[in-house]
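First comes the structure, then the notes that go with it.
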Amino acid sequence: MNPQDMSILGLVLQASWVVQLVMLILVGASVASWATIFRKSQTLKRVRALNEGFEQDFWSGTSLNDLYAAAAQSAKTGAPMERIFASGMREYQKLRERRIADVHQLMDATRRAMRASYQREMDEVEAGLSFLGTVGSVAPYVGLFGTVWGVMHAFTGFANMEQITLATVAPGIAEALVATAMGLFAAIPAVTAYNRYAHKIDRLASQQETFIEEFSNILQRSVGGTAQSSASGH
């Protein structure tokens, strides 16, 4: 390569085709990871806002039947917590209509329905997170592979030279090191975003699990109160 052309673009354009392929892969991974980062950020903000809105309605004293009717109308656009609530209410009402009197059977079925809905919601929220983890862990090694290949290619070229100076060595080594730099450029934001979003998703999961337990307790008290009323009536 031209020893005078030590710009980043010049190093990339004059690198061997293997190193260029590695750089292209890293650029693609970086673009895809940034797209995932922005998309995940918007998704988590929306989910948090929707869940907070539903929790306010839930604890405001609105009847469970009214909340269930509203949740049924906004099944696709509502909060994940709202869909979990709707799954539990649907199963609870279905079993009540079948005259299931056993409290444990009733509550176990309701909790299972909410747990299944909870798992579906968490799978959707976690979508793309594994990709960020993969980019964060693999990109540095891909960049290192490009660097090793570039150094090998450079030293192969040095074998045909009678006199080796810093001016002849530096460009080949520099173009190889660009691959490592690009690997780190792709990995660092991906790892940072992965850790940040994993923490937020853990908090979201904890909030939704707490809601499941609180709602289960409300239903269990309701079932217990109904059973006592029936017993006193007799």
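The values are calculated or read from the model by the stated rules, or taken from the named source; none is laboratory data. Note that the structure is predicted; figures quoted are calculated from it, not measured. We place every Cβ from the backbone using ideal geometry, glycine too, and count neighbours over all the protein chains shown. These accessible areas exclude ligands, DNA and RNA; they are computed on the full protein's heavy atoms, side chains included. Shrake-Rupley method; radii C 1.70, N 1.55, O 1.52, S 1.80 Å.
Here the extension length gained between Thr210 and Ser60 equals 52.3 nm, from 0.36 nm per residue of separation less the Cα-Cα distance. Per-residue SASA remark: Met107, around 0 Å² accessible (1.4 Å probe; ligands, DNA and RNA not included). So if we plug the beta-carbon distance of Glu124 and Val103 into 1/(1 + (r/R0)^6) with R0 = 25 Å, what FRET efficiency do we get, rounded to 0.05? So the FRET efficiency works out to roughly 0.20.
Full extension from Val18 to Arg196: what is 0.36 nm times the residue separation minus their Cα-Cα distance, to one decimal in nm? Could you put the intermediate results ahead of the total?
Values: separation 178, 0.36 × 178 = 64.08 nm, distance 3.38 nm.
Contour length minus Cα-Cα distance gives 60.7 nm.
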